[in-house]
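Notes for the one structure printed next.
Coordinate-derived values only; no laboratory data. Since we're looking at a predicted model, the values are computed, not measured. A quick note on method: Cβ atoms are made from the backbone with ideal geometry, for glycine too, and the neighbour counts reach across all protein chains shown.
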There are 2 protein chains.
Amino acid sequence: MLNYSHTIPTKLYFGKGQIAKLAEILRPFGRKVLLAYGGGSIKKTGLYDQVMDILSDEGFTVVECGGIEPNPRIESVERGVKLCKEHGIDVILAVGGGSTIDCAKAIAAGVYYEGDDLWQMVAGRHGILKALPLVDILTLSATGSEYDGGGVISNMKINQKLGNSYTFPAASICDPTYTFTVSKYQTAAGTADIISHTCEEYFSRTPDSDLADGICETIFRTAIKNLPIALAEPDNYSARANLMSISSIACSGIPSYGKQSSGWPCHAMEHELSAYYDITHGVGLAILTPRWMRHILKKDPGCAWRFVRFAKNVWGLDGEDETELALAGIDKLEAFFRESGIPMTLSELGIGTEHFEAMAAHANLGGRLSRSFVPLTDADIVEIFEACLD
Amino acid sequence: MLNYSHTIPTKLYFGKGQIAKLAEILRPFGRKVLLAYGGGSIKKTGLYDQVMDILSDEGFTVVECGGIEPNPRIESVERGVKLCKEHGIDVILAVGGGSTIDCAKAIAAGVYYEGDDLWQMVAGRHGILKALPLVDILTLSATGSEYDGGGVISNMKINQKLGNSYTFPAASICDPTYTFTVSKYQTAAGTADIISHTCEEYFSRTPDSDLADGICETIFRTAIKNLPIALAEPDNYSARANLMSISSIACSGIPSYGKQSSGWPCHAMEHELSAYYDITHGVGLAILTPRWMRHILKKDPGCAWRFVRFAKNVWGLDGEDETELALAGIDKLEAFFRESGIPMTLSELGIGTEHFEAMAAHANLGGRLSRSFVPLTDADIVEIFEACLD
């Protein structure tokens, strides 16, 4: 086991009706609220009206920052920062999924950023920054942004999608009923995101971090059990609640306690897909993950023990031949994603080979994936992208 | 799944050598440190000297509050509060196990307590209190006090041992090497404490909290795997590190996410044993837990599903007959404690029946154990105590 340090200052309010605490949560931070949200699904579901009513009844002043994109863009960050400065905002309330919360984090930090170009903040090397307080109401179980300090922002002009650390939410309201209306497609993609985060933490060289490995396996099994239920019965509270609870823990840092970092290779590769093609993050991850697994297993059979453990403890498989067992676990994962309705090839998304070399080079900038679970070269990454075509 | 809210402001610094960060952790709080510790084992191991050297080199002023008892007493709390007030202490540094940290928490809150009688604070109904900042260096994997807000204080004059909420540590330094010198007896008792905390969270009526249940099972399995290694090889870093990492998570609240509270019946009963006989907390819990299990399984066979799950997922047992399987899991747990060297009967500790009725009445004060996993009457509790005799 390796050393670690860990803290999450965020307070989670989990369960139906927790929005009743919204005013009480916001009040210590001030009266002027920037309401950040996405493409308007919260207007269809009535959550927008509910939030506005509470804020109005409780005497808050609201400035709206709607229209935040999936794969949120630097322009939205710039717009939000401008609004905060113009209106002297006290606290940001993000209502939505990971994209909205990520963007709100970058806005919260951007208010205090001293440079002229906010993209420099996104692209810079820094830890948690000074930021406005941020509260969120989660509407999608996926990224775990409600319980970590990170955010991912895209700059489509230069085809870059970069993750960084900004600020932790002060509080996250996680009400599973808000995910009842999430489409099958987004429900499956969100769960793939949760599974991928957990893969990035599980597939590590450290063999003896029993707590972290057991928590990863619990997250996998919880996702595998509850996603099909949520797809069949979108308003099954128990299934939605289980998916929401693992969303937060998957990104909490606890599943990687004491483990050597994998380098998060699938996320590095997926960010290239989204930066070039603006695809759904979880879909890109679902397509990449089994191909990455097969590639590294072939490249370094010495890592098979991890895959054998995955096959046994996650999928309940057994068998004598280590390689066969390892591959069977990967097949199970791919079939699970496919049966969940996720398009499992890049061809289905209309993506061809044209940018693979540039994407591989950028994913591996500074040779960072040469330090991943199984080291990857640019050529490896191109091969993984190619394996995703069909 | 039930609603929950959750936050832990404590920062964990886990791993060997993390004491290098001690001065940096303390500095923001001030210069005057109350050093709280126990019976002097930290003097034998050299940790006391190491801490004093750091504090002296870095310009801190130290006031000592040593001699804190296992099952820490109200008199130690009173003494610590007096020292803090006399010397204008800025921050408390607790070096030790759960008893020392618990006592330090009560001291930290006691400094701001406005009444004359600190026992009234211990016995009162309150949440987290205003308190001096507290930092700890953990030397025993057991109570989880390094990662929660609670503490348990005893008043031997009136045979009472009461848990309450005081304050979270601002930071906990958890270096597994400090547990290399912990005796086999205390190592086993500490692990029994971890297992018992997890039982109190696992044995709940809520059937569908998959994350929490999976984390409980991971904690059980990690304890079962690593305790025998730590007993055989006291300086096995990996085993000691695994036990220390589950100590903190077991009491973090995460293993009970979304679950109906069990009412912590074994802790309520054990506090009576310690209050009357000053026995080691983890030993009392190890003796009580399997007897409590058998009693409630007999009283309410409708709870057998939980024990079947425990037998299968924790002990890897299987079988057709539910009751047999449930009992086999309990037998496994009892045998595990016995093989770890824990005296598994009250008779071995010289405890007889003389106070059972008074202890049962106090454990069940206000009928609180009538709301536990399987409701307990005073008569049930007496029967459980009696089953512990041999």
Practice task
Excluding residues fewer than 8 places away in the same chain, name every one of the aspartates and glutamates whose C-alpha is closer than 20 Å to that of A:Lys332.
Solution key: A:Asp193, A:Glu200, A:Glu201, A:Asp213, A:Glu217, A:Asp318, A:Glu320, A:Asp321, A:Glu322, A:Glu324, A:Asp390
Problem - Prolate/oblate/rounded call for chain A, Cα gyration tensor, a/c under 1.5 rounded - result: prolate
Exercise for the section: Please arrange A:Ile246, A:Ile68 by counting, for each residue, the other beta carbons lying within 10 Å of its beta carbon, fewest first. Expected result: A:Ile68, A:Ile246
Handout entry: Net charge contributed by nearby residues that have their C-beta within less than 15 Å of B:Ser347 (K/R +1, D/E -1)
Key = -2
Practice task
Show that you can apply the helix-only estimate: for chain A, add -39,500 (n - 2.57) for every DSSP H stretch of four or more residues, divide by all residues, and state [θ] at 222 nm to the nearest 500.
Solution key: -15000 deg cm²/dmol
Exercise for the section: Step through the table entries A:Lys21/B:Lys105; B:Lys11/B:Lys225; A:Lys105/A:Lys130; A:Lys32/A:Lys105; B:Lys21/B:Lys130, compare each Cα-Cα distance with 22 Å, and write down the pairs that go over it. Expected result: A:Lys21/B:Lys105; B:Lys11/B:Lys225; B:Lys21/B:Lys130
Practice task
Please list B:236-245, B:362-371, A:345-354 highest first by mean number of surrounding beta-carbon atoms within 10 Å per residue.
Solution key: B:236-245, B:362-371, A:345-354
Problem - Counted charge near B:Gly88, where neighbours are those whose Cβ lies closer than 15 Å (Asp, Glu -1; Lys, Arg +1) - result: +2
Fill in the blank from the handout: For chain A the mean separation of alpha carbon contacts under 8 Å (6+ apart) over residue count, i.e. relative contact order in percent, is 15 percent
Handout entry: Cβ-based exposure ranking for B:His355, A:His271, in which fewest neighbours within 10 Å come first
Key = B:His355, A:His271
Handout entry: In sequence order, calculated HN-Hα J values of region A:359-366 (Karplus, 6.51, -1.76, 1.60; Hz; x Gly/Pro)
Key = 5, 5, 4, 6, 4, 9, 3, x
Exercise for the section: Check the straight Cα-Cα distances from A:Lys259 and name the lysines below 16 Å, setting aside those fewer than 8 residues away within the same chain. Expected result: B:Lys16
Exercise for the section: Express in whole angstrom the spacing between the alpha-carbon centres of region B:218-289 and region A:203-262. Expected result: 24 Å
Problem - Tail weight of P(r) past 49 Å, computed on alpha-carbon pairs of the protein assembly as shown, percent - result: 18 percent
Practice task
Take each of the peptides A:38-51, B:160-173, average the number of other beta-carbon atoms within 10 Å over its residues, and list them starting from the highest.
Solution key: B:160-173, A:38-51
Exercise for the section: Find how many whole Å separate the alpha carbon centroid of region B:361-381 from the alpha carbon centroid of region B:105-147. Expected result: 26 Å
Exercise for the section: Find the relative contact order for region B:236-390 and round it to a whole percent, using C-alpha pairs within less than 8 Å whose residues are 6+ positions apart. Expected result: 28 percent
Exercise for the section: Per residue of B:246-254, count partner chain C-beta atoms within 10 Å of its C-beta, then hand back the mean as an integer. Expected result: 2
Practice task
Count the DSSP beta bridges whose two residues both fall in the protein assembly as shown, then state the antiparallel fraction as a percent rounded to the nearest 5.
Solution key: 30 percent
Handout entry: Exercise: per-residue mean of other protein chain Cβ atoms within 10 Å, B:6-19
Key = 5
Handout entry: For B:223-232, mean number of other protein chain Cβ atoms within 10 Å
Key = 1
Practice task
For region B:75-131, just say rounded, prolate or oblate: build the C-alpha gyration tensor, square-root its eigenvalues into a ≥ b ≥ c, call rounded for a/c under 1.5, and beyond that prolate if a/b exceeds b/c, oblate if not.
Solution key: oblate
Completion exercise
Surrounding charge for B:Thr377, neighbours by C-beta under 10 angstrom, Lys/Arg +1, Asp/Glu -1, total -2
